[in-house]
Ligand code: GDD
Ligand code: MN
C-alpha cells in the first residue's frame with residue numbers, strides 16, 4: 001500500500017473518536033440503550049465512542065449492544081467468552097480503542113454521565129493525567145448506601161491510599177477518565193484481578209499520577225442487580241496482596257497456598273474424627289480425609305483462585321478428575337522426596353516440610369497446566 005495517505009479525509013467515513021468511554025457490562029440489557037442516550041445528551045460537541053465490554057451475559061446484553069451499534073457507529077463492543085472480571089474487562093476495552101482519552105464508567109447509570117464533559121475539559125488543559133469522579137470530595141455523595149457499606153468502603157479506601165502513593169480521595173471509584181499515555185505507563189505492572197481497576201492503575205504507575213477529582217452523587221440502580229457479592233472482599237484482598245508481594249510470588253500461588261492450608265486443616269479434622277472418634281481403621285480414615293480434602297481444594301480454587309476462569313458443567317467434572325490426578329502424583333512426590341531426604345540424614349521435620357513444599361509447587365504448576373488451562 002502507498003504510504004502517506006493518512007489521515008483519510010473521505011467525508012463518508014466517521015471521524016475518529018477523541019474520547020472512548022469503556023463500559024464493563026454484565027447482564028445490563030435494559031441499561032445499555034439508556035446509557036448510550038444519556039452519553040449522547042451529555043456530550044453533544046465531542047467526538048466520542050462507547051466501548052461495551054460484555055462477558056457473554058446470559059441476558060443477551062451483547063446482542064442488544066450490536067443492535068444499537070448498527071444504528072450508531074459510535075457504539076462498539078468487545079464480547080468475551082469464557083472469562084469474567086471487571087478489571088480485565090476495562091483493560092481490554094481501553095486496549096481496543098485508539099482514542100487519546102479514555103473513560104471508564106458503569107453500565108447501570110449509577111455514575112453521573114454529566115461529569116464526562118468537565119472531565120474531558122480538565123484533561124485537555126494538559127495539567128493532569130487522570131480525573132476521578134469522586135464520591136468523597138465536597139459536593140460528592142453516596143446516594144442511599146447502608147451504614148455498613150459506607151463504613152466498609154471507607155476502610156478499604158484507607159488501605160488503598162496507603163498502597164497507591166497517589167493521593168486520590170476516592171481510589172475505589174469505578175468512574176474516571178485518563179490520558180492513554182498515562183494508562184500505557186501503568187499497563188506493564190497491572191494486576192487486573194478483581195473490581196478495582198482505578199486502584200490498580202494508580203498503584204502500577206511508575207511515578208505518582210497527576211490527579212484531579214470531580215464530585216458526583218452515586219445514583220441508585222434501577223434495572224438489573226449489582227454483581228458485587230461476598231467474594232468481592234476476597235478479590236480486593238488478592239489485589240492488595242498482589243500489589244504488595246506480586247513481584248516476589250505470583251498472586252495465584254498465594255491463593256492456592258491459602259486454599260491448600262485450609263485443605264490441610266480439613267484433612268486433619270476428618271482424620272481425627274474418623275480414626276479417633278468413630279474408630280475406623282487408620283488407612284480408611286486417611287483415605288476418606290484425603291478424598292474430601294482434595295475435593296475441597298478443587299472447589300475452593302475453582303471459586304476463588306481461578307474465579308476468572310471458573311469451570312462449570314462438564315468441564316467441572318473433567319477438572320475435578322485432572323485435579324485428583326495432579327494431587328495424587330503430588331502426594332507421591334511429597335512422600336518420595338521426604339523419604340529420600342530423611343534417608344540422607346536430614347532432620348525429620350525438615351524432610352517433611354520440604355516434601356510438602358515441593359508437592360504444593362507441583363500441584364500448582366500441574367493444575368494450571370491441566371485443570372485450569374487457558
Ligand atoms: N464485563 C463485565 N464482567 N462487567 C462486569 C462484571 C464482569 O465480570 N462484573 C460487573 N460488571 C459490570 C456491571 O455490569 C456494571 O456495569 C459495572 O461492572 C459495576 O458493577 P456493579 O455490580 O453495578 O457494581 P456496584 O455498583 O456494586 O459497584 C460500583 O461501585 C464501586 C464503588 O464502591 C462499581 O462502580 C465499582 O467499579 C466501584 O468500585
Ligand atoms: Mn452498580
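Only the coordinates and a few stated rules stand behind these numbers; no lab work does. What you see is a predicted model; the values in this text were computed from it and never measured. Every residue, glycine among them, receives a Cβ derived from its backbone with ideal geometry; neighbour counts consider all protein chains shown.
Sorting the Cα pairs of the range 184-294 by distance into bins of 10 Å, from 0 upward, gives 12, 25, 23, 19, 12, 7, 2 percent per bin. By the Kirkwood approach, averaging reciprocal distances over each pair of separate Cα atoms, the range 112-270 gets a hydrodynamic radius of 17.3 Å.
Between the beta carbons of residue 340 and residue 315, assuming R0 = 45 Å, the FRET efficiency works out to 0.75 to the nearest 0.05.
Label positions at residue 365 and residue 229, each projected 7 Å from the Cα along the C-beta direction, are separated by 3.4 nm.
Computed from Cα positions, the angle between helix 348-370 and the longest principal axis of the chain comes to roughly 40 degrees. Put in line by how crowded their Cβ is, counting other Cβ atoms within 10 Å and starting with the fewest, 367, 153 read 153, 367.
Taking 225, 54, 108 as the candidate residues, the one with maximal mean-square fluctuation in a Gaussian network model of the chain, Cα springs under 10 Å, is 225. For the range 247-374, list log₁₀ I(q)/I(0) at each q in 0.21 Å⁻¹, using the Debye formula over Cα point scatterers of equal strength and ignoring solvent, two decimals each. Log-scaled intensity ratios, in q order: -1.25. Rg/Rh, computed from the Cα trace of the chain with Rh as the Kirkwood radius, has the value 1.07. Using the rule -39500 (n - 2.57) for each DSSP H run of four or more residues, divided by the residues of the chain, the 222 nm mean residue ellipticity is -16000 deg cm²/dmol. Residues of the range 256-291 falling in the label zone of residue 356, defined by backbone nitrogen less than 16 Å from a point 7 Å along Cα to beta-carbon, are 256-272, 290. Beta-bridge orientation, the chain: approximately 25 percent antiparallel, per DSSP, counting only bridges with both partners inside.
Ranked for footprinting exposure by Cβ neighbours inside 10 Å, fewest first, 21, 29 give 29, 21. Entry note: the range 48-155 has Rg to Rh equal to 1.00, where both radii use alpha-carbon atoms and Rh is the Kirkwood radius.
Highest GNM mean-square fluctuation among 322, 61, 166, for the chain modelled with Cα contacts below 10 Å: 322.
Put in line by how crowded their Cβ is, counting other Cβ atoms within 10 Å and starting with the fewest, 73, 79, 111 read 73, 79, 111.
When the chain is treated as a Gaussian network with alpha carbon springs shorter than 10 Å, the biggest mean-square fluctuation among 268, 183, 218 belongs to 268. Radius of gyration (Cα atoms) of the range 316-374, expressed as a multiple of 2.2 N^0.38 Å: 1.28. Computing Rg and the Kirkwood Rh from the Cα coordinates of the range 73-114 gives a ratio, Rg/Rh, of 0.96.
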